[in-house]
Each structure stands twice: as structure tokens, then as C-alpha cells.
1. Hydropathy at least 0.0 by Kyte-Doolittle, axial extent at least 18 angstrom from the Cα trace: which helices of the chain, defined as entire DSSP H runs, fit?
2. Using a Gaussian network for the chain with springs between C-alpha atoms less than 10 Å apart, which of these wobbles most: Asp137, Asp104, Asp204?
3. What are the radius of gyration and Dmax of segment 116-164, computed over its Cα atoms and given in Å?
4. Over all distinct Cα pairs, what is the inverse of the mean 1/r for the chain, reported as the Kirkwood hydrodynamic radius in Å?
5. Roughly what would the spin-label model give for Arg153 and Val20, points 7 Å off Cα along C-beta, in nm?
6. Hey, got a sec? Which GluC sites (Glu not before Pro) in segment 162-226 land in a DSSP loop and have at most 12 other Cβ atoms within 10 Å?
7. Counting only protein heavy atoms, what percent of the accessible surface of the chain is carbon or sulfur at a 1.4 Å probe?
8. Gain in length, Arg12 to Arg146, computed as 0.36 nm per residue apart minus the alpha-carbon separation, to one decimal in nm?
Amino acid sequence: MTCALVVPAAGRGERLGAGVPKALVPVAGEPLLVHALRRALASGVVDVVVVVAPAGEQQHVRTLLSPLGAADLRVVAGGAERQDSVRCGLAALPEGVDVVLVHDAARCLTPPSVFRSVVAAVRGGAVAVVPVLPVSDTVKRVRAGRVVATVDRRELVAVQTPQGFSCAPLRAAHRAADGAAPATDDAGMLEALGHEVLTVAGDDTAFKVTRPVDLVLAEALLSGGRA
Ligand code: C5P
């Protein structure tokens, strides 16, 4: 039983506007990627780590991550879209992996408990598992600047990472999605093939650092000892 973690960390982070790839932006003195991987390893459920780094940054990323002591750390270059980067990561997995977690470097404060509950659900027989949170805003569908519908938010959840998968169906979904419009998450590709996707409880601190305000929140949580 081998669990691999694939960390897409090759995004440019344009919405963040930090001038460096998002995964390498420092929060409380360390890059987002270091915070993310430390928490993943602390879960005790990850055997192999594949980090998908921005092109040209592989050696730098390896140097940053080696103090964390992952038993098997692989660093590969990413692609144009997140989905391409995940595919590059899957290609670097060793033989014998049966569970794959895909976790955004940008969700750098996701606690170890979420990794454990996702893996437990996959080991319990689920093909695909996503951590979710209820949606707190009212959500509307808008066309050309006008509201056309209000969606019942009781039916909606926001989806986080790590997302967990049985390895073979995840690989098959990525093969099937090759050339299609890029998916924003991996579970969506399995859904498209008709697989059931199970949910587990997400965590408020697993938010994705996307906009400048997210960095302020991450910094505050870390310096206040709450993450
Ligand atoms: O852009 P977004 O915030 O959705 O990215 C989510 C994660 O996917 C980030 O950790 C980012 O580094 C990664 N990513 C990637 N390759 C890309 C685009 C995004 O690895 N081409």
C-alpha cells in the first residue's frame, strides 16, 4: 500500500501579483510550498512526494524542500495549465502506488488531519474523494452583467485539496481528458467518466492563496500560531 502526493506548484500566480511563482512566495519567512509540504508530511500517510515545479526552478525547489526529510522526493517541471502539471507529476510516480493525493501548493495551511481523512476514505473503497466546505455567500448565475438565477446554496459546497484517488482511475481520467478544455480540479475529470466522488469535511485553513488578501490571512494565522 503506497500513497503518493502530487503537488502542482508550477503556477505563475498572476492574480497574486508577487512577481515570483506563487508556490515560492514567502509567508512568515518560508515559501507557500514549504508550508504545504510540511503539513502533508506531518500527516504520516504520504510515502512518495512529486512536486511539480515552475520550469527552471527544479533545483531551487529541491534545495528548499530537502530539509523536510521526505523519504522519496521527486521534482519535475510543470506545464501550461494546472491539469498539464498534474499529468507531469503522475508521469513521475514510481510503480506500486495505489493511492494518489493531488494537493495545491497554494493551499499551504491545510492541516494534516485533512490528508488523513481523505486517504482513509480512499482506503475505505472510494475511487475519488474531495474535502469540502459549505458555501457562505449567496451565489447567483449572471449573464452579460444581469442576474439570471439564484442558486440554492444548501446544495453547493466549495471544494478544496488534497483530493484523493485510486491511482489507476486517476491516470485513466487524465488520459481521457488530454486535449479537452482544462479542468480546474482532478475530481471533475473522474466525474466526467461517471465515477462517484465522495466528500469529507474540509477545513477553513485549507483556503487557496490566490489574491493578496489571502496572503495577509495566511501570515496572520501563522504568526498567531493558529495554523
Ligand atoms: O491557479 P490556481 O490557483 O488554480 O492554481 C492551483 C495550483 O495549481 C497552484 O498550486 C499552482 O501552482 C498550480 N499550477 C500548476 N501549473 C499551472 C498552473 C497552476 O502547477 N500551469
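The values are calculated or read from the model by the stated rules, or taken from the named source; none is laboratory data. Quick caveat, the model's predicted, so the values are computed rather than measured. Note that each Cβ is placed from the backbone with ideal geometry, even for glycine, and that neighbours are counted across all protein chains shown. Protein only, heavy atoms only, side chains kept; ligands, DNA and RNA dropped before computing areas. Shrake-Rupley method; radii C 1.70, N 1.55, O 1.52, S 1.80 Å.
1. Working: long enough: none.
Answer set is empty.
2. Between Asp137, Asp104, Asp204, it is Asp137 that shows the largest mean-square fluctuation.
3. Calculated on Cα positions, Rg and Dmax stand at 15.3, 45 Å.
4. This gives a value of 17.9 Å.
5. Each label point lies 7 Å from its Cα, and together they span 3.6 nm.
6. Numbers: sites: Glu191, Glu196, Glu219; in loops: Glu196.
Sparse-neighbourhood loop GluC sites (Glu not before Pro): Glu196.
7. Details: 5670 of 10930 Å².
Result for the chain: 52 percent of the exposed heavy-atom area is carbon or sulfur.
8. Details: separation 134, 0.36 × 134 = 48.24 nm, distance 3.16 nm.
Additional length available on full extension: 45.1 nm.
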